[in-house]
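Structure, as structure tokens:
The values are calculated or read from the model by the stated rules, or taken from the named source; none is laboratory data. All figures in this text were calculated on a predicted structure; none of them were measured in a lab. All Cβ positions, even for glycine, are placed from backbone atoms using ideal geometry, and neighbour counts span all protein chains on display. For accessibility, only protein heavy atoms count, side chains too; no ligands or nucleic acids. Shrake-Rupley method; radii C 1.70, N 1.55, O 1.52, S 1.80 Å.
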Amino acid sequence: MENQKRNGGGEVLDGSNIMELVGNEQGFNKFVDHKFHELDKDRDGKLSLKELEPAVADIGAALGLPAQGTTPDSDHIYYQVLNEFTHGKQEKVSKSEFKEVLSDILLGMAAGLKRDPIVILRMDGEDLLEFVNGPSYYTEMTSIFSQIQNSSTSLRELVIEAFGRLNVDRGIPPTSDSWVFNNIVDPALLSQALNRPVSDQETFLEEFKKVALSVVNCLKEKPVIVAHSENTFDGSGVKRLLSNKFELEKTLNTTLGNLPKDRNGKISKDYLQVTLDVVSPSAGLPPVGAIEEWRR
């Protein structure tokens, strides 16, 4: 089964390709053989901890984790993944053990994508251009201006905030991303004289359109690939989890049981994000940091 295509363009990653790979015994065996041979540098038929490191790094990257050594939270997750392969004690992992754990991890990722599919969008300026020149531009940007007009007296700051109010459906990648801001938005801002007070709504609409058209040109030169979730997180999953005492206690006991504790049996607050990330699927929530703003 192929990944689905989104009506508005973009590829939907729903885990079906992973399920198909793991479910095809011959194909998965071939995949495991290739990966195991690639990792088994000394050709002894087993993987050492050092030889497993690239596989663990690849899994971390697929989960959206920063590189190892970046934060204690992410390093703990890397440790947990490695621990799955070695069962916390083995120094060498056989091919059959490697296959079993890899299958479990991939199926877990597929289940997550099925629950919360990701849309891969290529933003090249076309959708933004269509919005800027379309009939909804005036109405939508007027509404945004009414919400932000008192937040700053600087035209530049208002334009930046307005971009943050637009979503990917309008063809603008997340401006909170530093690369997007530095390489797409900021050059467009610098192309206009915006270091002046905001005089009125019409001026804002006119100047925002100029900047948006400059952003269109930047996106044409440097298209941006965005992974986007279209799920709506409305709290219903949290309510369901809290109403089921058995499931709540089971989820918390499983999560907290796998976290390191001090000699008093307490868990460091440094592992709070790890806890939330593990619990979030049961509560119908995205991973911590997956979305920047929660709206009521």
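Just to be sure I understand, how many residues within region 197-217 are assigned to a helix (DSSP H, G or I) and farther than 15 Å from Thr142 by Cβ?
Count: 7.
What's the number of the only condition in (1) in contact with a helix residue (DSSP H, G or I) (Cβ under 7 Å, 6 or more places away or on another chain); (2) under 24 Å from Leu13 (Cβ atoms); (3) among the basic types (Lys, Arg) that Lys30 fails to meet?
Lys30 satisfies all of (1) in contact with a helix residue (DSSP H, G or I) (Cβ under 7 Å, 6 or more places away or on another chain); (2) under 24 Å from Leu13 (Cβ atoms); (3) among the basic types (Lys, Arg) except (1).
Give the number of residues within region 17-51 that are under 14 Å from Phe98 (Cα atoms), among the small types (Gly, Ala, Ser) and in contact with an Asp or Glu (Cβ under 9 Å, 6 or more places away or on another chain).
1
List, please: which pairs have Cβ atoms under 7 Å, are six or more places apart or on different chains, and start with a residue in region 29-58 that is in contact (Cβ under 8 Å) with a residue 24 or more places away in the chain and end with one that is outside any helix (DSSP H, G or I) and surrounded by fewer than 12 Cβ atoms within 10 Å (Cβ to Cβ)?
Correct list of pairs: Ser48/Glu91; Leu49/Glu91.
Take region 155-196 and flag every residue that is surrounded by 15 or more Cβ atoms within 10 Å (Cβ to Cβ), not in a helix (DSSP H, G or I) and not aliphatic (A, V, I, L, M).
Across region 155-196, the qualifying residues are Gly171, Pro173, Pro174, Thr175, Asp177, Ser191, Gln192.
Which one of Ser136, Ser199, Ser143, Ser151 is modelled with pLDDT of 90 or more and over 26 Å from Val224 (Cα atoms)?
Going through Ser136, Ser199, Ser143, Ser151 in turn, just one is modelled with pLDDT of 90 or more and over 26 Å from Val224 (Cα atoms): Ser143.
Scan region 248-256 and give yes if some residue there is more than 21 Å from Lys114 (Cβ to Cβ), loosely packed, with under 12 Cβ neighbours inside 10 Å and either modelled with pLDDT under 75 or out of contact with any helix residue (DSSP H, G or I) (no Cβ under 7 Å at 6 or more places or on another chain) (or both), otherwise no.
Yes, because at least one residue in region 248-256 is more than 21 Å from Lys114 (Cβ to Cβ), loosely packed, with under 12 Cβ neighbours inside 10 Å and either modelled with pLDDT under 75 or out of contact with any helix residue (DSSP H, G or I) (no Cβ under 7 Å at 6 or more places or on another chain) (or both).
Scan region 57-98 for residues that are at pLDDT 90 or above and either assigned to a loop (DSSP other than H, G, I, E, B) or of a type in the set (Val, Ile, Thr) (or both) and jot them down.
Matches in region 57-98: Val93 only.
Pick from Glu84, Glu91: which is open to solvent by 70 Å² or more (accessible area, probe 1.4 Å) and either among the aliphatic types (A, V, I, L, M) or more than 25 Å from the chain's Cα centre (by Cα) (or both)? Break it down into steps so the answer makes sense when it comes.
Details: Glu84 fails: either among the aliphatic types (A, V, I, L, M) or more than 25 Å from the chain's Cα centre (by Cα) (or both).
Just a single option satisfies the conditions, and that option is Glu91.
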